[in-house]
Amino acid sequence: MTAPGEAPKDDMETLNYLNNGHGLGSWLLTKDHKRIALLYLASITAFFFLGGLFAFMIRLELLTPRGDVMSSETYNKMFTMHGVVMVFFFLIPSIPAVLGNFLIPIMIGAKDLAFPRINLLSWYIYVLGGLFTLIAALSGGVDTGWTFYTPYSTAASNTHVITAATGVFITGFSSILTGLNFIVTIHRMRAPGMTWFRLPLFVWAHYATSLIMILGTPVIAITVLLVAAERALHLGIFDPALGGDPVLFQHLFWFYSHPAVYIMILPAMGVISEVVQAFTRKNVFGYSYIAFSSLAIAIIGFLVWGHHIFVAGQSVYAGLVFSILSFLVAIPSAVKVFNWTATIYKGSVKLDSPMLYAIGFIGLFTIGGLTGLFLAAVGLDIHVHDTYFIVAHFHYIMVGGAIMGYMAGLHYWWPKISGRLYSEGWAKLSAGLIFIGFNLTFFPQFILGYLGMPRRYHAYPDEFQVLNVASTLGASILSVGYVLPMIYFVWSIFRGEESPADPWGAQGLEWETPSPPPTENFHVTPIVTHGTHQYAPSKEVGIV
Amino acid sequence: MFTNFPFFPPQASVQAAQVDSLYFFMLAVTAFFSLLIAGLIVGFAAKYRRRHEDDVGVAIHGSLALELLWTVIPFLITMVMFAWGAKVFFELYRAPAGAMEIYVIGKQWMWKVQHMDGQREINELHVPVGRPVKLIMGSEDVLHSFYIPAFRVKADVIPGRYNHMWFTASKAGTYHLFCAEYCGTKHSGMIGSVIAMEPAAFQAWLSGGAGSDSPIAAGAKLFSDLSCNTCHRQDNTQGRGPMLANVFGKQVELEGGGTVVADEAYLRESIVNPHAKVVAGFVPTMPTFQGMVSEEQLLQLVAYVRSLSMPAPAPVTPAREPGR
């Protein structure tokens, strides 16, 4: 990548996006994508720890077979709020709204996103949706599960379903606007010479993610709106007592909520592609296969929702079609894993904390993906459906995958975002704690699931206790692993060493601009002459 | 407290053995690939670790042969898994003809079971070993899911329709019965036991205890109590509604075109929502019975109408109860 010539080295060096404007107003009314990314960072971090608190209460209750820490009502609200907060207010916005927002314009050599005002609006919409969810939580909670299954949610539950559904409905628009902004930006704002096949894979992954956000999110918005309408106005849509069909809800819900998993995992895959290249100092193996596998996942991911309905009396043939498509969506994910592995081959490997997180991601995502095959096989899914096997599987994808990817990205780009270096020793420790704690929490749940322990159980038979104790122990370690980065990142802002423009010796436009970047990202618009991460002199070394 | 902690569930049905074989096959394949990936990554990371601060990796851009290899091999393996999973699924789905039928109703938060002979149970299900058993299940309120881990079978219980599942118990014993679909406050209390018994012991259990009317007899009584027989006449003269003898399982022509198979779901719908699918040649005059009959009574009415299409007047499980 060509440097933007000799940038004038005077006062402009010291003026960056963080000190260019002070006071609350300069943040709350900012149109700078980097500042908006930080607004998101603060708000999703708050929701992450709130959701984590709910998770810890769940694990505390499950330490003993009897429901003795809290009542069944409270327990049901705990797992519902855990799911709603983590899925809609942390995982879905996490990487796109924070890292994507911050990096996409810089990576393609642009000054900002295509629609800076819409970008700010999407954060306000997110906050408004979050407020509704907090109101639902504080005024007594919701007990439907994050899945809002009908007719329980529309006819039986006497909790604050409509308030929570409104929160989900509103925050969906934030997601749609972010996706729209990214797509237009990637199409229209690339710097001279930044062709599609020179784009960093992080950008490709966000392009695929944005497609899902735009196409899928309206469906969930309509679905929760229908739930609210049936609940408030007794329109017969899902409740059979009113002439509705409860399984229709499951089709509509999973048509979005299955692709939503790819909204979480695709950006994480984008992060991993960047980190693996940077810490092997080697261009990725099979660039176009990784780029197109993201699009393949986004497309096939829309056609697999029926595997959530295998035991709901779906026809045999529908079951078989959804089964084969669910197997197919695993292939592009496998292709990515093999390509990352091949990238490490003959690299110059440095195991700094972002790389540790990335390797953790590959391991946990592999387990999560491979256990997904068990669920795609209909005959086997019938036994493990709605058990802890499912809980373990999707946590391996959403926590082991998406959150590990988010942590890898946060550690990799933190020096760029904050302009400061954090303590590498503490970061390695927390990566280790998260990896060990995570496996201890969720691996026993696979065994519990095959034993037959159903999910969402407040109390359980005695013989499941040993594995549940192991899981709670793991969760305790995991929570320490998540609190540590919070401490050393904040510490680095005040006491950390100043970061040079490129602390890792990595390549990419984001490393050519100062840390932290100036408000306009580049003093001079860069001109791009080749793809990212070209470390070695370009001689083709085939291994065919 | 920690004396009994299994790592594998009991295998107590014919189906369980089939599901477990598939499980162990997939476990072996996925463990192999997990270890392969982990081994390669750790091995490469150690072998190619950065030795000097300004080292860079070798520029390798890719390989079509390798991409094809690691696309085609996983594809073939997953197709084997798909086919095997589909085979197990077919066997789990299709109950053999002549399976012993039992009615199950789920409601917040209990399981109500009625045998064809009239035996009723709550949160317990007694079944004989070695004989296919088919459950016909409905819900009185919200979604539930009937789950017997030791048998590896599960099916959602859905309000407004009937769902089926079947199994053949292979080992006598008492096993967990769970509700697997979240159904509200006491979801985790909606549990019970499945008791698989040797056939002789099962016979003894079935003929002992306080049996009530069989579902068919109860349905026949309801049929006349609710005056269904004034329109659906049973004396071979055409009333205002269609005659119901020998209708079950057959194609029925509908008013306004189209046909429907007269199965349990259609019979149920015709009772609670009679105007939805009217038989050709009739006017929709029947009132709805929604709210007037409970889910259990609906099942009894359906059982009775079904019995009108059976060759012999005897109920589904003949020659098993000399004592009655």
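Listed here are the residues, each with its yes/no results for (1) under 21 Å from A:Thr366 (Cβ atoms); (2) among the basic types (Lys, Arg); (3) in contact (Cβ under 8 Å) with a residue 40 or more places away in the chain; (4) surrounded by fewer than 21 Cβ atoms within 10 Å (Cβ to Cβ).
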position: A:Phe446; (1), (2), (3), (4): yes, no, yes, no
position: A:Tyr460; (1), (2), (3), (4): no, no, yes, no
position: A:Leu473; (1), (2), (3), (4): no, no, no, yes
position: A:Val480; (1), (2), (3), (4): no, no, yes, yes
position: A:Val483; (1), (2), (3), (4): no, no, no, yes
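Just one of (1) in the same structural domain as B:His126 (by TED's automatic domain parsing); (2) touching a residue at least 12 places away in the same chain (Cβ under 8 Å) fails for B:Ala200. It is (2).
Against the conditions (1) of a type outside the set (Ser, Thr, Tyr); (2) surrounded by fewer than 18 Cβ atoms within 10 Å (Cβ to Cβ); (3) in contact with a helix residue (DSSP H, G or I) (Cβ under 7 Å, 6 or more places away or on another chain), B:Val261 satisfies every one except (3). Run down B:Asp235, B:Asp225 and say which single residue is farther than 30 Å from B:Ile122 by Cα and of a type in the set (D, E, K, R). Of the residues listed, the single one that is farther than 30 Å from B:Ile122 by Cα and of a type in the set (D, E, K, R) is B:Asp235. The residues of the stretch A:236-278 include none that are closer than 17 Å to A:Val98 by Cβ and of a type in the set (Ser, Thr, Tyr). Looking only at the stretch B:123-142, filter to residues that are hydrophobic (A, V, I, L, M, F, W, C) and in contact with a strand residue (DSSP E or B) (Cβ under 6 Å, 6 or more places away or on another chain); which one of those is surrounded by the fewest Cβ atoms within 10 Å (Cβ to Cβ)? Filtering the stretch B:123-142 for residues that are hydrophobic (A, V, I, L, M, F, W, C) and in contact with a strand residue (DSSP E or B) (Cβ under 6 Å, 6 or more places away or on another chain), the one surrounded by the fewest Cβ atoms within 10 Å (Cβ to Cβ) comes out as B:Val129. Each residue in the stretch A:372-397 was checked for being at the interface with chain B (Cβ under 10 Å from one of its Cβ atoms) and among the hydroxyl-bearing types (Ser, Thr, Tyr), and 1 pass. Scanning the stretch A:314-328 for residues that are in a helix (DSSP H, G or I), surrounded by fewer than 24 Cβ atoms within 10 Å (Cβ to Cβ) and more than 7 Å from chain B (Cβ to nearest Cβ) yields A:Tyr317, A:Ala318, A:Val321, A:Phe322, A:Leu325, A:Leu328. Mind listing whichever residues of the stretch B:77-93 are touching a helix residue (DSSP H, G or I) at 6+ places or on another chain (Cβ under 9 Å) and more than 8 Å from chain A (Cβ to nearest Cβ)? Within the stretch B:77-93, B:Ile77, B:Val80 qualify. The residue pairs whose first member lies in the stretch A:508-529 and is on the phi > 0 side of the Ramachandran plot, whose second member is among the aliphatic types (A, V, I, L, M), and whose beta carbons are closer than 8 Å, counting only pairs six or more residues apart or on different chains, are A:Gly508/A:Met1; A:Gly508/A:Met107; A:Gly508/A:Ala278; A:Asn521/A:Ile106; A:Asn521/A:Ala110.
Considering the stretch A:355-371, and only residues there that are among the hydroxyl-bearing types (Ser, Thr, Tyr) and farther than 14 Å from B:Val42 by Cβ, the residue that is farthest from the other protein chains (Cβ to nearest Cβ) turns out to be A:Tyr357.
In the stretch B:260-290, of all residues being within 22 Å of the chain's Cα centre (by Cα) and among the small types (Gly, Ala, Ser), the one that is farthest from B:Pro242 (Cα to Cα) corresponds to B:Ala265. In the condition set (1) surrounded by 12 or more Cβ atoms within 10 Å (Cβ to Cβ); (2) within 8 Å of chain A (Cβ to nearest Cβ); (3) among the acidic types (Asp, Glu); (4) outside any helix (DSSP H, G or I), B:Glu67 is compliant with all but (4).
Scanning for something out of contact with any Ser or Thr (no Cβ under 9 Å at 6 or more places or on another chain) and surrounded by 14 or more Cβ atoms within 10 Å (Cβ to Cβ), does the stretch B:236-243 turn up at least one residue? Scanning the stretch B:236-243 turns up at least one residue that is out of contact with any Ser or Thr (no Cβ under 9 Å at 6 or more places or on another chain) and surrounded by 14 or more Cβ atoms within 10 Å (Cβ to Cβ). Has the stretch B:101-115 got at least one residue that is closer than 30 Å to A:Phe327 by Cβ, touching a residue at least 60 places away in the same chain (Cβ under 8 Å), surrounded by fewer than 21 Cβ atoms within 10 Å (Cβ to Cβ) and within 17 Å of the chain's Cα centre (by Cα)? No, that holds for no residue.
If you go through the stretch B:135-172 and pick out every residue that is without any contact (Cβ under 8 Å) to a residue 60 or more places away in the chain and away from chain A (no Cβ under 14 Å), you end up with 1. Residues of the stretch B:116-136 that are under 15 Å from B:Ile191 (Cα atoms) and of a type in the set (D, E, K, R): B:Glu121, B:Glu124. Kindly evaluate B:Pro96 against the criterion of being at the interface with another protein chain (Cβ under 7 Å from one of its Cβ atoms), surrounded by fewer than 18 Cβ atoms within 10 Å (Cβ to Cβ) and modelled with pLDDT under 95. So B:Pro96 fails the test. Among the residues making up the stretch A:281-313, a single one is part of a loop (DSSP other than H, G, I, E, B) and more than 9 Å from every other protein chain (Cβ to nearest Cβ): A:Val304.
The condition of being at negative phi, of a type in the set (Gly, Ala, Ser), outside any loop (DSSP other than H, G, I, E, B) and touching a residue at least 24 places away in the same chain (Cβ under 8 Å) holds for only one of A:Ala165, A:Ala114, that being A:Ala165. Take the conditions modelled with pLDDT of 95 or more, of a type in the set (Ser, Thr, Tyr) and closer than 26 Å to B:Phe44 by Cβ and apply them to A:Ser273. Does it pass? Yes, satisfied.
So in the stretch B:21-63, with the set limited to residues that are more than 7 Å from every other protein chain (Cβ to nearest Cβ), part of a helix (DSSP H, G or I) and over 46 Å from the mean Cα position of the chain (by Cα), which one is surrounded by the fewest Cβ atoms within 10 Å (Cβ to Cβ)? Checking each candidate, the answer is B:Ala46.
The values are calculated or read from the model by the stated rules, or taken from the named source; none is laboratory data. Remember, it's a predicted structure, so these values are computed and weren't measured experimentally. When we count neighbours, we look across all protein chains shown, and the Cβ atoms used for this are built from the backbone with ideal geometry, even at glycine.
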